[in-house]
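Let me begin by presenting the structure, written as structure tokens, before commenting on it.
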Amino acid sequence: MVSIPCFFIDKCCFEKTMTYETVFNQKRECAVPKKIIQKLNEITSNNVSTKEVDRVSYSKDYMPITLRWILDGKLPALPDCIVWPENTTQVSEILKIANNEKIPVIPYGDGSGVLGGSIPVQGGMILDLKKMDKVIEIDDSSLLATVQTGINGMNFERYLNQHSYTMGHIPQSLYCSSLGGWIACKAAGQFSTKYGKIEDILVALEAVLPDGSVIRSKKVPRSSTGPSVERLFLGSEGQFGIVTEATFKIWPYPEKQILESYVFSELSDALESVRNIMRKNVYPAVIRVYDKNETLRHFYDTPNVKDKVMLILLMEGDEKLVELEDNISSYICKSKGAKSCGEKPVKHWLETRFNVRESSDFTPKGFVFDTVEVSVSWKYALEFYNKMIESMREIKGVVVASAHSSHFYPQGVCFYFTFGGVPPKNVEPFNFYQSVWDNMMKTCIDQHGSISHHHGIGLIRSKWLSKEMGDRFNLLKKIKHAIDPNNIMNPGKMGINNEYQ
Amino acid sequence: MNISKKYAWIMDSLSHTPFSVKARAMKHFLTGKKEYLPKKNTNADIESIVKCSLCPNMCRFDCPVSEAEKNETLSPSARARIAYLFEMGFLEGEVVADTLYSCCNCDACRQWCPFEFSFGDILQGVHRDLVEENNLPKQVFDLRDTIEKKHVSDDKSFNIVGKHKGDLLYFMGCTVMSKHESIAVAMTKIMEKAGEKWAILEDEWCCGAPLYNLGFIDDFVEIAEINLHKIRETGCKELICSCPTCAYIFKEIYPKFKLNINVKILHATEYLARSEKSYKISKEFEKNYVYHDPCTLVRKLGIVEQPRYVLNNIKELTLKESYFHGKDTQCCGRGGSMGRTHPGISEKITKKRLEELSKYADSIITACPTCKSAFSDLGGEVYDISELIYAGCKTDERQ
Ligand SMILES: Cc1cc2nc3c(=O)[nH]c(=O)nc-3n(C[C@H](O)[C@H](O)[C@H](O)COP(=O)(O)OP(=O)(O)OC[C@H]3O[C@@H](n4cnc5c(N)ncnc54)[C@H](O)[C@@H]3O)c2cc1C
Ligand code: SF4
Ligand code: SF4
């Protein structure tokens, strides 16, 4: 058995964070024996790296605190090697070796996960899926697309657009995330109210289990054939194996779009309007409600938005249908005292929605921040929002505490909170970060919410998953143990094996 | 824009914050980033590198190098992170140089970047620091040595007979001089036909672009000064380049070193669009053609319409557009001297673009000799726009 350096676990995995000096001066060697590397090279036609520069590149994902660490001279972790398979057979052969040798395997898409899901906390092998990027089939009559999961989201969407389709799954990370990552993190896109979240769009998949066996589900719209076991991979975050191929719903490119926006005096009125729109079974593709602070932040160019709440709507599809959706939503919003602001704010959102610059602007100034997306039913929504904002502000050092909502259901809503601030004197940035997270997670559970709507668990939420799931957590652990008895798949995450508790 | 409006949300946030936190936040806001900068002086633009290394890689999907290799290390943000670690002294030049020279300087990243960064341009300063460490990949040194010895980046393969003084100076560029006599012939004949007083340098040297990009600034300045002198001696009023990179470097980079050519610099497509009335196309073009926009031409020089104007005026020609055209074009693989420094990556990029273009037509038209070389070396049928025009002129007009 290979002894894998365990850099990162214990009570709090981040306490043992390595500095650049320790890593680079000690020239930490790859712990995977040469003969295994040689076998991996044979399987993949030499698509393996143990180079220092590659190991550094794969030491992190996009978990915000690791951005601060770049500047503080700290590395979150270090993998031993990186392997790039090109097809399912290669993935299967690689997993067989890893399973025999008990080497940790960390699936890696585009590394845009924000919870540390692809950080190699116990070293081991990064399995980068980016070379698995082939579009396998477009079935026009059934509106299905089958594709290898390592493909980048924007490259797949552009492929579909070229052929006059869309998948309708447009997360803000479209440009920097992979389809496999979407399934593994149970992602949600900006147009989700109409097209659904990834679980609504996914029809079938192929996956490789830790012992190298391959499972495939059928490309059928539905079946009543026992539990859909393959759906365990939705939100699995690399715990059960590798999703290698997937079949998704696609749509003809929409004929018409209508853009409309409204301002409300209070958040409660805006939420109430959306709730009523949903109750009418009307599904605009995009619905976004911004609290007063975020309205100021994003729509400062719109007149008279101070102390107001902005709602933007984008309806798309068949011309008659979207006109009807516009009429119904307009009537509902106006009856709640809303004032129309027209297309401009929606256009502004469309133009700026991928301009992610805050992390680059604020991290070097010493600010620590994150976003926390959670869900709650309508019954508790408003109280929930207020308590969550309070929970952020309770932590000394927090300056920004705000939220918007962009995923709605007739039953409830996802709130997307942002916190940002400066750690107080003598408080480690990570401890400050962790305190805000802890307070928010506790409040969320107390206030009837679910701790994640679409980013997943990864490292930072792992200690909260057992509380979230209650008795179901034991079942999850049993399933994990049955599928992956050697715990090679992405160990140290989701609290499944008690690390980082 | 009204700055106070832009930051109103921060003021609103601060209004909910206790005084001690507010004061600390303001202090960080004003002085924060100094802690994260290297102590030594660098040529690199560290603030941009830091921003880029903290970005979620929003341009990665369109970066040809990143897409060809599928290695996180070669994604723009990861390269920025590696550049930062090098500039801070954590990683040695030897470990990082190969990675940091892997860039086509194609500006695809700038299309999507919230800061409008051209990552290739950002790397230029890092290359200067790597040169100072003298620890570079062999291919980089080799290219510099070739230019130093031969004054061109490749062997000259032909001579064009022409005057050395005149109003219009035609600057062929290294790739034309070594591989594409037909482009030089086409351009000079078209100018001749238009009755121009054209000239050509007696001994044309490299414009210096590879030296500049690779970070050999002293060598670049030396060659640029000589070029300036040679160009001035011709007494030209306009300088016409077949290569977009030559045009760009003369126009935008020479002046940064106070080397002002002080004549109008045109790319060949601008000249061809302007002199469209002086040549008449009579040949029927039987094949379909697709136009490939060279990265430097569209993104650094902003020339999108002129070649289309020229080509659409040829009634006998069926022109197709690729899905990735105009500013959304994709690199031919040879930008940033990648054909010389990283032939493996370069070829993968060329292959991908060639496959894409082949979906639309049998033959490719482009307006950059380097793009032409890249595609034709992999078996593509490809014409420079000037060659096509010259070929389309009546036989008697071609005399
Ligand atoms: C700027 C920005 C905006 C974002 N916006 C959104 C948004 O709008 N909606 C949203 O839902 N998320 C969003 N995210 C979060 C993130 O993009 C998603 O979680 C995305 O799904 C991750 O994909 P990835 O390919 O980058 O995965 P990675 O970060 O590489 O991996 C994420 C997890 O999935 C596992 N994994 C990856 N591929 C596979 C596979 N093929 N098989 C098994 N396991 C795998 C990894 O091991 C890891 O645990 C955003 C992130 C950023 C940085
Ligand atoms: S200039 Fe081109 S090759 Fe270089 S980082 Fe940008 S997109 Fe990639
Ligand atoms: S070039 Fe711009 S978009 Fe690309 S990684 Fe850097 S900052 Fe991000």
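The values are calculated or read from the model by the stated rules, or taken from the named source; none is laboratory data. All figures in this text were calculated on a predicted structure; none of them were measured in a lab. Cβ placement follows ideal geometry from the backbone for every residue including glycine, while neighbour counts extend to all protein chains displayed.
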Tell me which residues, restricted to region B:273-295, are loosely packed, with under 14 Cβ neighbours inside 10 Å and either within 16 Å of ligand 2 (Cβ to nearest atom) or part of a loop (DSSP other than H, G, I, E, B) (or both). B:LYS280, B:SER282, B:GLU284, B:GLU286, B:LYS287
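Table: residues versus (1) in contact with a Phe, Trp or Tyr (Cβ under 7 Å, 6 or more places away or on another chain); (2) over 21 Å from A:PRO254 (Cα atoms).
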site: A:PRO303; (1), (2): no, yes
site: A:ASP307; (1), (2): no, yes
site: A:LEU313; (1), (2): no, no
site: A:LYS336; (1), (2): yes, yes
site: A:GLU343; (1), (2): no, no
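Listed here are the residues, each with its yes/no results for (1) modelled with pLDDT of 95 or more; (2) within 16 Å of ligand 1 (Cβ to nearest atom); (3) of a type outside the set (Gly, Ala, Ser); (4) under 20 Å from A:SER359 (Cα atoms).
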position: B:PHE19; (1), (2), (3), (4): no, no, yes, no
position: B:LYS27; (1), (2), (3), (4): no, no, yes, yes
position: B:LYS39; (1), (2), (3), (4): no, no, yes, no
position: B:ALA44; (1), (2), (3), (4): yes, no, no, no
position: B:VAL65; (1), (2), (3), (4): yes, no, yes, no
position: B:GLU69; (1), (2), (3), (4): yes, no, yes, no
position: B:LEU91; (1), (2), (3), (4): no, no, yes, no
position: B:VAL95; (1), (2), (3), (4): no, no, yes, no
When you go through B:PHE158, B:PHE171, B:PHE141 one by one, which is the residue that is in contact with a strand residue (DSSP E or B) (Cβ under 7 Å, 6 or more places away or on another chain), away from ligand 2 (no atom under 16 Å from the Cβ), farther than 26 Å from B:LYS51 by Cβ and of a type in the set (Phe, Trp, Tyr)? B:PHE171
Can you name the number of the only condition in (1) outside any loop (DSSP other than H, G, I, E, B); (2) touching a residue at least 60 places away in the same chain (Cβ under 8 Å); (3) hydroxyl-bearing (Ser, Thr, Tyr) that B:TYR309 fails? (2)
Just checking, does region A:52-67 include any residue being of a type in the set (Ser, Thr, Tyr), within 16 Å of ligand 2 (Cβ to nearest atom) and modelled with pLDDT of 95 or more? yes
Of the numbered conditions (1) assigned to a loop (DSSP other than H, G, I, E, B); (2) closer than 27 Å to A:GLY73 by Cβ, B:SER77 satisfies every one except a single condition; which is it? (1)
The one condition B:TYR36 fails out of (1) within 10 Å of chain A (Cβ to nearest Cβ); (2) within 24 Å of B:ARG299 (Cβ to Cβ) is (2)
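One line per residue, one yes/no per condition, for (1) within 10 Å of another protein chain (Cβ to nearest Cβ); (2) in contact with a helix residue (DSSP H, G or I) (Cβ under 6 Å, 6 or more places away or on another chain):
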| residue | (1), (2) |
| --- | --- |
| A:ASP133 | yes, no |
| A:ILE136 | no, no |
| A:THR146 | no, no |
| A:ASN152 | yes, yes |
| A:HIS169 | no, yes |
| A:ALA184 | no, no |
Is it the case that B:PHE86 is touching a residue at least 12 places away in the same chain (Cβ under 8 Å), surrounded by fewer than 22 Cβ atoms within 10 Å (Cβ to Cβ) and away from ligand 2 (no atom under 11 Å from the Cβ)? no
Give me the strands (runs of 3 or more DSSP E) completely within region B:315-399, filtered to those with at least 2 residues that are touching a Phe, Trp or Tyr at 6+ places or on another chain (Cβ under 6 Å) and closer than 21 Å to B:LEU297 by Cβ, ordered by residue number. B:318-320, B:363-366
Taking the options B:GLU286, B:GLU305, name whichever one is at pLDDT below 90, away from every other protein chain (no Cβ under 14 Å) and more than 16 Å from ligand 1 (Cβ to nearest atom). B:GLU286
Considering only residues that are among the hydrophobic types (A, V, I, L, M, F, W, C) and over 22 Å from A:PRO85 (Cβ atoms), look in region A:155-177 and name the one that is nearest to ligand 3 (Cβ to nearest atom). A:LEU174
When you scan region A:208-230, do you find a residue that is more than 19 Å from A:ASN87 (Cα to Cα), away from ligand 1 (no atom under 15 Å from the Cβ) and assigned to a helix (DSSP H, G or I), even just one? yes
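Per-residue answers, yes or no, for (1) within 16 Å of ligand 3 (Cβ to nearest atom); (2) of a type in the set (A, V, I, L, M, F, W, C); (3) within 25 Å of A:TYR283 (Cα to Cα):
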residue: A:ALA187; (1), (2), (3): no, yes, yes
residue: A:LYS197; (1), (2), (3): no, no, yes
residue: A:VAL203; (1), (2), (3): no, yes, yes
residue: A:VAL208; (1), (2), (3): no, yes, no
residue: A:LYS218; (1), (2), (3): no, no, no
residue: A:PRO221; (1), (2), (3): no, no, yes
residue: A:SER224; (1), (2), (3): no, no, no
residue: A:PHE233; (1), (2), (3): no, yes, no
residue: A:THR244; (1), (2), (3): no, no, no
Consider region B:110-125. How many of its residues are within 14 Å of chain A (Cβ to nearest Cβ) and either away from ligand 1 (no atom under 16 Å from the Cβ) or among the aromatic types (Phe, Trp, Tyr) (or both)? 8
Boolean, B:SER20 is under 20 Å from B:GLU116 (Cα atoms), assigned to a helix (DSSP H, G or I) and among the small types (Gly, Ala, Ser): no
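Let's see how each residue does on (1) buried (at least 24 other Cβ atoms within 10 Å of the Cβ); (2) part of a helix (DSSP H, G or I); (3) in the same structural domain as B:GLY344 (by TED's automatic domain parsing); (4) touching a residue at least 60 places away in the same chain (Cβ under 8 Å):
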residue	(1), (2), (3), (4)
B:MET11	no, yes, no, no
B:THR31	no, yes, no, no
B:LYS34	no, yes, no, no
B:ASN41	no, no, no, no
B:CYS52	yes, yes, no, yes
B:PHE61	yes, yes, no, no
Output yes when any residue across region A:70-79 is at the interface with another protein chain (Cβ under 10 Å from one of its Cβ atoms), buried (at least 19 other Cβ atoms within 10 Å of the Cβ) and part of a loop (DSSP other than H, G, I, E, B), and no when none is. no
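When you look at A:GLY235, is it within 14 Å of another protein chain (Cβ to nearest Cβ) and either crowded, with 23+ Cβ neighbours inside 10 Å or in a loop (DSSP other than H, G, I, E, B) (or both), yes or no?
No.
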Suppose we keep only residues that are within 30 Å of A:ASP438 (Cβ to Cβ) and among the β-branched types (Val, Ile, Thr) within region A:329-386. Which one would you say is surrounded by the fewest Cβ atoms within 10 Å (Cβ to Cβ)? A:THR371
From the option list A:GLY420, A:GLY456, A:GLY449, single residue qualifying as touching a residue at least 40 places away in the same chain (Cβ under 8 Å) and at positive phi is A:GLY456
What's the total number of residues in region A:297-343 that are in contact with a Ser or Thr (Cβ under 9 Å, 6 or more places away or on another chain), part of a helix (DSSP H, G or I) and not β-branched (Val, Ile, Thr)? 7
May I ask you to list the residues in region B:43-99 that are more than 9 Å from chain A (Cβ to nearest Cβ), hydrophobic (A, V, I, L, M, F, W, C) and closer than 24 Å to A:ARG68 by Cβ? B:ALA44, B:ILE46, B:ILE49, B:ALA80, B:ALA83, B:PHE86
Of all helices (runs of 4 or more DSSP H) completely enclosed by region B:98-157, which ones contain at least 1 residues that are crowded, with 18+ Cβ neighbours inside 10 Å, touching a residue at least 60 places away in the same chain (Cβ under 8 Å) and within 10 Å of ligand 3 (Cβ to nearest atom)? B:108-112, B:119-133
